[in-house]
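Just below is one structure, and these are the notes that go with it.
The values are calculated or read from the model by the stated rules, or taken from the named source; none is laboratory data. On a predicted model such as this, the values are computed, not experimentally measured, just so you know. Note that each Cβ is placed from the backbone with ideal geometry, even for glycine, and that neighbours are counted across all protein chains shown. Just so you know, the surface numbers come from the protein's heavy atoms only, side chains and all, with ligands and any DNA or RNA stripped out. Shrake-Rupley method; radii C 1.70, N 1.55, O 1.52, S 1.80 Å.
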Amino acid sequence: MVKQTIQIFARVKPTVRKQQQGIYSIDEDEKLTPNLEIILPRDLADGFVNNKRESYKFKFQKIFDQGASQETIFENIAKPVAESVLAGYNGTIFAYGQTGSGKTFTITGGAERYSDRGIIPRTLSYIFEQLQKDSSTIHTTHISYLEIYNECGYDLLDPRHEASSLEDLPKVTILEDPDQNIHLKNLSLHQAATEEEALNLLFLGDTNRMIAETPMNQASTRSHCIFTIHLSSKEPGSATVRHAKLHLVDLAGSERVAKTGVGGQLLTEAKYINLSLHYLEQVIIALSEKHRAHIPYRNSMMTSVLRDSLGGNCMTTMIATLSLEKRNIDESISTCRFAQRVALIKNEAVLNEEIDPRLMIIRLQKEIQELKDELAIFTGEQRTEALSDAELLQLEKLITSFLDDQDPESRLEVGTDMRKIHHCFHHLKKLLNDKKIHGKSTVSCEIKDQDCQEPLKEEEYKKLRDILQQRDNEINILVNMLKKEKKKAQDALHLSSMDRSECRHSQSLPFPPGNPEGLRTLPSSAPKQIQDVSTFGYRSSLLHRKTGMREEMSLGRQEAFEIFKRDHADSVTIEDNKQILKQRFSEAKALGESINETRSKIGRLKEEITQRHMQQVALGVSENIAMPSMPDLLEEKLRSQLEEEKRRYKTMFTHLKALKVEIEHLQLLMDKAKMKLQKEFEAWWTEEATSLQVNSPAVNSLSHVKPFPQTPEFQQETSQPLFNKSNVNARKILPSPSPIPHSQEHNSTSASLESSVPERPASSVPLTGDSQTDSDILAFIKARQSILQKKSAPQLWTGLLFS
Ligand code: ADP
Ligand code: MG
């Protein structure tokens, strides 16, 4: 709270004529309060005004003589008030003086020069400048401009105002709430975010005021104008909001009725002016007298509005404007007397802080929780919920700093929360145990170093055993890794030798071996096929399977198989089926493409329909009409197209499914035929070998080649779709002719099989020799196989087509 008397300043208006010199003098001592002495001219000294006194002395806070600039006035009078307003206190500056003494010039400014700007524009400029500098606070500024004329309030900031008289402006009335707070009904508040916006409002008000004034009413001299800057500020996150108001008041002329000249309308006005100022004077007298219980604020609108500024919560400043000319001496003395009374009034300005209810609720909720916590401690009712991570971290920090603190007096303060106390003990125990273990391991090292014979404890043994076990595991893993690396290197060597051999023989091979991925390969396309396969990333695994094959399969046997196949009746069937399959694949491929196209088309049509629909809705909204009842022709057309495409799609899809069945069937037929061929060849080969062995013991190399084992298991398998099981079966049928290390059994046995038996992988297809077609077929097979592995779900088949 700031207790302060109303500050009074005097401003002397420049006089036109030099002759006026000697009427007053200003005694400005730096240390003393300035004095304005008004010296009565001789011809007036005997008059009624001075009661035979020759001079009158008045004390002011500061006296601004004729030469004082607007800038000086602002700096000395308005700026300190503006500062207190920015700090959150209410402020009022009012100019009091007779008509023509310079009230309006001081408060608003002169109309001619920029340098004549008065207190209002300068204060606005200063306030906005300060607000801009202070980015830590959120500010809002509002402006209101009220004119009081004949005890009536008018809103000068009515933007709709086109009236030519004051009476056309919105009337402002006073409302008083039960707490005796004054509210001005109908006075508009305009937010001004910038100085420019606020100035615009000032000019709007002044224009309204000027327009409303007629020579008859001369409102500007007979009315009071109150320009108010409402400031509110709030720190981000704070619940407190500060409100401050700065009233800049241009009062009506203080001249007496007698001087105005009475009669008719003018008399009424003069009476009101005097009444209004008379009431102001009464309020000021009441306020300046100690122990006055009743202050007659309510007697006039003006005193009601300025109630806070006069003897209330406000830093108030008065400027007595003086026109110290001979003819105005009595009015000037009267103004100064008034000022002296005003100077006795003490105001108590307080910060107008208000609590934002929403933020207050949050604050209170927090406080309630804290109180509940406290209560729980005192009533012994312990909380059972777990401590939060943040709380635990905080506790551990406390413990660490407690342990680090060398001061023996230091304490670990965790309050009376048992959960925290328990956690502290727990944590301390953990720290202690960790330290013990660490200490022990150090000790055991020391024991070792010293070659101490003392037996180790059971616990330490266990620990060492565990470490040993870990190391053993690590070594095993590393050995395995090394083995793998070694094998890889060997395989790479085999690969290069096999590549060479492949180039040599592939052209003559009727059925190059299959591969684990289920690729069925045919002799005519073998070299190309290898390239194609590599495209799909199969090459390495395919070749890997072949590793060792060429080494073990003699050229003679390969040639024998070729001849056997050529002369076999089934080879024609195989060849025919191969042709049909190729044809079916092309069909399937074309169909797949068409289906994909149709699907995209369906997507596009759907999008078009949606867009069209949205356009129609938007049109309806913009024209503020309901959705047109007439069907949209374009949309209808799009919909029928969509239906057509869907039908097409369905037909093609059914066809593709039928093709798929056919292709699979053909593949199975070919598999069977090939298997039969292979079987017969093996039987024949074994027979030949046996007879050779019988005839010549030198041909020992073939003695270990087992004849075709006609196991029931195999017979069953061959009659069923083979898929990937073929590898397994084949391994059973024909073990590797060469001794193979046990660890490499899987790869080498299957490889040896591939060298002799055209394996029937899952989706093997006869290739065409045409690289493009073959690659398509291979892609198809690859995808098909993945579907088969997923139990041939139709959706997946569809998914494949569209992937
Ligand atoms: P009031 O509002 O008190 O009736 P005004 O402010 O309208 O008086 O002043 C009357 C005339 O005197 C105006 O033309 C104004 O420009 C001029 N005037 C007032 N004070 C000064 C000043 N300090 N310097 C220059 N001109 C002034
Ligand atoms: Mg004026």
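Summary table
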read-out	value
Residue check, PHE653 open to solvent by less than 90 Å² (accessible area, probe 1.4 Å) and closer than 23 Å to GLY592 by Cβ	yes
Some residue of segment 121-144 being closer than 20 Å to THR316 by Cα, within 14 Å of ligand 1 (Cβ to nearest atom), open to solvent by less than 50 Å² (accessible area, probe 1.4 Å) and touching a strand residue (DSSP E or B) at 6+ places or on another chain (Cβ under 7 Å)	no
Which numbered condition GLY109 fails, given (1) near ligand 1 (Cβ under 10 Å from one of its atoms); (2) closer than 25 Å to THR141 by Cβ; (3) in contact (Cβ under 8 Å) with a residue 40 or more places away in the chain	(3)
Filtered residue count, segment 110-120, keeping only those that are under 17 Å from ALA68 (Cβ atoms), within 16 Å of ligand 2 (Cβ to nearest atom), open to solvent by 20 Å² or more (accessible area, probe 1.4 Å) and among the small types (Gly, Ala, Ser)	1
Among the residues listed as THR99, THR92, the single one being within 8 Å of ligand 1 (Cβ to nearest atom) and β-branched (Val, Ile, Thr)	THR99
Residue count for segment 337-396, restricted to those that are in contact with a strand residue (DSSP E or B) (Cβ under 7 Å, 6 or more places away or on another chain) and farther than 30 Å from LYS57 by Cα	6
Search result, residues across segment 288-306 that are modelled with pLDDT under 85 and either closer than 13 Å to SER101 by Cβ or in contact with a helix residue (DSSP H, G or I) (Cβ under 6 Å, 6 or more places away or on another chain) (or both)	SER288, ARG292
Residues located in segment 582-603, provided they are touching a Ser or Thr at 6+ places or on another chain (Cβ under 9 Å) and either open to solvent by less than 40 Å² (accessible area, probe 1.4 Å) or not in a helix (DSSP H, G or I) (or both)	PHE585, ILE595
Residue match in segment 174-182 (condition: in contact with a helix residue (DSSP H, G or I) (Cβ under 8 Å, 6 or more places away or on another chain), within 27 Å of LEU86 (Cβ to Cβ) and at pLDDT 90 or above)	no
Strands (runs of 3 or more DSSP E) fully within segment 299-401 counting 2 or more residues that are aliphatic (A, V, I, L, M), out of contact with any Cys (no Cβ under 8 Å at 6 or more places or on another chain) and without any contact (Cβ under 8 Å) to a residue 40 or more places away in the chain	none
Hits in segment 594-625 - residues which are of a type in the set (S, T, N, Q) and in contact (Cβ under 8 Å) with a residue 60 or more places away in the chain	ASN596
Test set (1) acidic (Asp, Glu); (2) surrounded by 16 or more Cβ atoms within 10 Å (Cβ to Cβ); (3) closer than 28 Å to LEU287 by Cα - GLU325 fails condition number	(3)
Wholly within segment 187-269, helices (runs of 4 or more DSSP H) carrying at least 3 residues that are away from ligand 1 (no atom under 16 Å from the Cβ) and modelled with pLDDT under 95	195-212
Segment 582-622: number of residues that are at pLDDT below 85 and either closer than 30 Å to LEU677 by Cα or among the acidic types (Asp, Glu) (or both)	0
SER165 small (Gly, Ala, Ser), more than 16 Å from ligand 2 (Cβ to nearest atom), touching a residue at least 60 places away in the same chain (Cβ under 8 Å) and open to solvent by less than 80 Å² (accessible area, probe 1.4 Å)	no
Filter pass, GLU176 being within 16 Å of ligand 2 (Cβ to nearest atom) and exposed (fewer than 14 other Cβ atoms within 10 Å of the Cβ)	no
Selection count, segment 1-25, where residues are at pLDDT below 90, touching a strand residue (DSSP E or B) at 6+ places or on another chain (Cβ under 9 Å) and within 16 Å of ligand 1 (Cβ to nearest atom)	1
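Okay, residues lined up against (1) part of a loop (DSSP other than H, G, I, E, B); (2) within 10 Å of ligand 2 (Cβ to nearest atom); (3) open to solvent by less than 10 Å² (accessible area, probe 1.4 Å); (4) within 20 Å of LYS62 (Cα to Cα):
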residue: ILE77; (1), (2), (3), (4): no, no, yes, yes
residue: SER84; (1), (2), (3), (4): no, no, no, yes
residue: GLY88; (1), (2), (3), (4): yes, no, yes, no
residue: THR92; (1), (2), (3), (4): no, no, yes, yes
residue: ALA95; (1), (2), (3), (4): no, yes, yes, yes
residue: THR99; (1), (2), (3), (4): yes, yes, no, no
